[in-house]
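Each value in this text was obtained by applying a stated rule to the coordinates, not by laboratory testing. Bear in mind that the values here come from a model prediction, so they are computed numbers and not experimental data. Don't worry about glycine lacking a Cβ; one is built from the backbone with ideal geometry, like all the others, and counts go over all protein chains shown.
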Amino acid sequence: MIRVLLVDDQAMVREGFGALLTAQPDIVVVGDAENGARGVALARERDPDVVLMDVRMPVLDGLAATERILATAPGAHRPRVLMLTTFDLDEYVFTALRAGASGFLLKDAPAAELVHAVRVVAAGDALLAPSVTRRLIADYAARGRAQRPRRVPELASLTPRELDVLRLVARGQSNQEIAAGLVLAEQTVKTHVSRVLTKLDLRDRAQAVVVAYESGLVNPGE
């Protein structure tokens, strides 16, 4: 069973998401919190697999709460955090991903998309809403070269093929799409992605996207 913790300052949102997720045969809601501080406490107490975390909340916002949850939980048992918001970008995306969030989903997403997102994140993958991914890339394009690329020495440890795969991951392509483009078996692509994450010490694909753009490995518009 996937253990889920809901953290949102709106009671109706918590109740609605709770009812939706509880109705799934493979998901159980282990608690809900009305602010980030309470969410941090419950995450330590209830040991969820996935935390659905709102961004804007009183007492402690979702970004700070995510940092605290992932900084204090034991490595092997750290929950995955899926950020929920009514806003489809600004500074929240990068801050959330740097804090260790595994995904970013809009609150107005269809019910089936939310359930799918929980399962994807619980399985160890990352998820970004399509509109967020588009805005993410557009934001980098708008910045142009005003910001110097961040040096990532670990990139030198990647093979040419692994660099190819990382570039395509950063452009939002799925394993299936990467396999078709590079004429590889999908399982081979999964192996390459896993090695990239290990060598760069990244949690998932979402963080890989950030590193690829911040390092200058991928430029918007390419």
How do Met1, Met12 rank when sorted from fewest to most other Cβ atoms within 10 Å of their own Cβ? Met12, Met1
Dipole of the stretch 149-214 (Lys/Arg Cβ +1, Asp/Glu Cβ -1, origin at the Cα centre): which of Leu182, Ala156, Thr198 lies farthest to the positive side? Ala156
Computed FRET value (nearest 0.05) for Arg119 with Gln187, which takes r as the C-beta separation and R₀ as 22 Å: 0.60
In whole Å, what three semi-axes, largest first, describe the equivalent ellipsoid of the stretch 149-214 built from its Cα gyration tensor (square root of 5 times each eigenvalue)? 19, 12, 10
Computed ³J(HN,Hα) along the stretch 160-170: with the Karplus parameters 6.51/-1.76/1.60, θ = phi - 60°, integer Hz and x for glycine or proline, the list is x, 5, 5, 5, 4, 5, 4, 4, 6, 4, 5
Taking His116, His77 and counting other C-beta atoms within 10 Å, the order from fewest to most: His77, His116
